[in-house]
């Protein structure tokens, strides 16, 4: 039977995910306007910028300017992404403004890391130890372990649940070697191989082996399964999700390979609210933020509720009619 | 616990649903090309054309030409839609080519029928009797009862489950008055109010009251819930769905009010196949048909798997790599 959570926590990744893929890059002032709109929605965790190589990701060449230009609301965490020690150093410049949180992260797919980082899993494990040292030295808390490609990989194929459990175990071993035991396990469906039954099977196995840890899901909608997968997560009691307002990061245009956006925040919030699950988020404000996002990128985005409308408003109107 | 069906039956509505909203209308030869592409996918039921007032729906002014121009594959049912006696008469001209099936259909929402047809539910019931007489006289089988707005209505608000059961009962009474007991109950989420929990509640109640009837779902993705709703249907053992290739009928562009497409056929087939549920459909052929649909309408459509790719193909490649 279902074990729905009473409250769901959403980590907004729209700005960071969405703005990195746009060509030409979104102007700095539009990014800031969007982040400021998100700040008033009730979202408590927003990944705003990416400190990555501006030559490789021109969309985030202005990360420092965005950090300096945006508003900071009390009670809201604004977090940066980094992918290497240099990016981490850039992020560290803004510790007064941004919330830095470390993570021990491995891919469940060796084929993927070999292909993308020219490293095997052992070398990747060593790198995670280096990160841990860096975080410990900087006093940055390490609050989760994460497994990428946890449900399948375009290069490796299906990922057996046993491999996911093994990768989580390896992450916790790395953390333990540095005196840490992060409270959260993040399972990422990096290449959109998950289907609801697979979500249930994997989450069930992870819960059984790591009963004291919180499970968090990062879902992509590349094959249209994100909402069904989130619902399967809710049925398993998963109460923590990444999401991106308006489905940023993806694109309905066939020209954008894969249309690989994150699950859309307002659609997920709509599902939760309709099911009586709290999010602490104002859906109407979120829909407005989605419209600001579309203006920022200058083209339609895949989110649905922002176009289809909040049923709460239609209920009010219907109530007024009868 | 879940009670997934072994096999799912899909009624394709893409051509009829999709082409009616396009402006300017899709050229006849492109409609025919798309219908012919669908014929080779393994789909057994395709709603191809709409015999509606060409002044009100210019997109289907060429219904007769499409019927005359398309190919007919053995074992595939090609069905028309009609919305009034005149449309039914037009459809009857093509009984040698098309499969005509009658339906007793009511809206769960009185506010909706008053607004759209200027009739109350009693008047609507009388009209259903007239239809039944017409079908019986013509020898057209009546194989289902249908309830529209079964999960909620923009004008009436939430629809209590009791009202859905009542409407189904009224439909069966109409059918019985003409000596019929249709085997199938179609529940339509006409205005996209359904969420997975509501699907389960309603389907559960319908099953309990009408245990001998097959439940069929018609789902819209206006608020991004269609796939989660279909998954909830599968969990309830529902084995019959309407769907539209490429998500035809909707549109990712904000300019199209509501983006109210049906659930996307290839995305639903993908979900089924990944869960080991048979559909009898060739997903690759369906993805090709979705591309033909995009060419026909001349703009991107919301379906995801056609862009994200069939995992079966990636599995083969990954298998070849290792």
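Bear in mind these aren't lab numbers, they're just calculated from the coordinates by the rules spelled out. Computed from a prediction, not measured in an experiment: that's the story for all the values here. Cβ placement follows ideal geometry from the backbone for every residue including glycine, while neighbour counts extend to all protein chains displayed.
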(message) Connecting C-alpha atoms closer than 10 Å in a GNM of chain A, tell me which of A:286, A:219, A:271 has the biggest fluctuation.
(response) A:271
(request) List the distances, in nm and shortest first, from the label point of residue A:69 to the matching label points in every other copy, placing each point 7 Å from Cα along the Cα-to-Cβ direction. (result) 5.1
(request) Work out Dmax and Rg for the range A:163-322 from the C-alpha atoms and quote the Rg first, both in angstrom. (result) 17.8, 65
(request) Run through the DSSP bridge list for chain A and note the antiparallel percent, rounded to the nearest 5. (result) 5
(request) Rounded, prolate or oblate: pick one for the range A:1-47, where a ≥ b ≥ c are the square roots of the eigenvalues of its C-alpha gyration tensor, a/c under 1.5 means rounded, and failing that, prolate if a/b is larger than b/c, else oblate. (result) oblate
(message) What percentages make up the Cα-Cα pair-distance distribution of the range B:180-251 when the bins are 5 Å wide from 0?
(response) 3, 17, 30, 24, 14, 8, 3, 0
(message) Averaging the inverse of every distinct alpha carbon separation and then flipping it gives the Kirkwood radius. What is it for the protein assembly as shown, in angstrom units?
(response) 25.8
(message) Give me the one-decimal nm value for the distance between modelled label points at residue B:126 and residue B:36, 7 Å along each residue's Cα-to-Cβ direction.
(response) 4.8
(request) Among B:178, B:218, rank each residue by its count of other Cβ atoms within 10 Å, from fewest to most, as a rough exposure measure. (result) B:178, B:218
(request) Once the label point is placed 7 Å from Cα along Cβ, list for residue B:24 the distances to the corresponding points in the other copies, in nm, shortest first. (result) 3.4
(request) Please arrange A:274, B:17, B:266 by counting, for each residue, the other beta carbons lying within 10 Å of its beta carbon, fewest first. (result) A:274, B:17, B:266
(message) Can you classify the range B:128-224 as rounded, prolate or oblate using the Cα gyration tensor, where a ≥ b ≥ c are the square roots of its eigenvalues, rounded means a/c under 1.5, and otherwise it's prolate if a/b beats b/c and oblate if not?
(response) prolate
(request) Give the Rg/Rh ratio for the range A:9-321, taking Rg as the radius of gyration of the Cα atoms and Rh as the Kirkwood radius, to two decimals. (result) 0.95
(message) Only bridges whose two residues both fall in the protein assembly as shown count here: according to DSSP, what percent of them are antiparallel, nearest 5?
(response) 5
(message) Neighbour counts of other C-beta atoms within 10 Å: give me B:96, A:29 arranged from fewest to most.
(response) B:96, A:29
(request) For residue B:313, go 7 angstrom from Cα along the Cα-to-Cβ vector, then report the distances to that same point in the other copies in nm, smallest first. (result) 3.9
(request) For the range A:1-159, list log₁₀ I(q)/I(0) at each q in 0.11, 0.20 Å⁻¹, using the Debye formula over Cα point scatterers of equal strength and ignoring solvent, two decimals each. (result) -0.52, -1.35
(request) Mind jotting down the distance between the C-alpha centroids of the range B:162-241 and the range A:194-222, whole Å? (result) 30
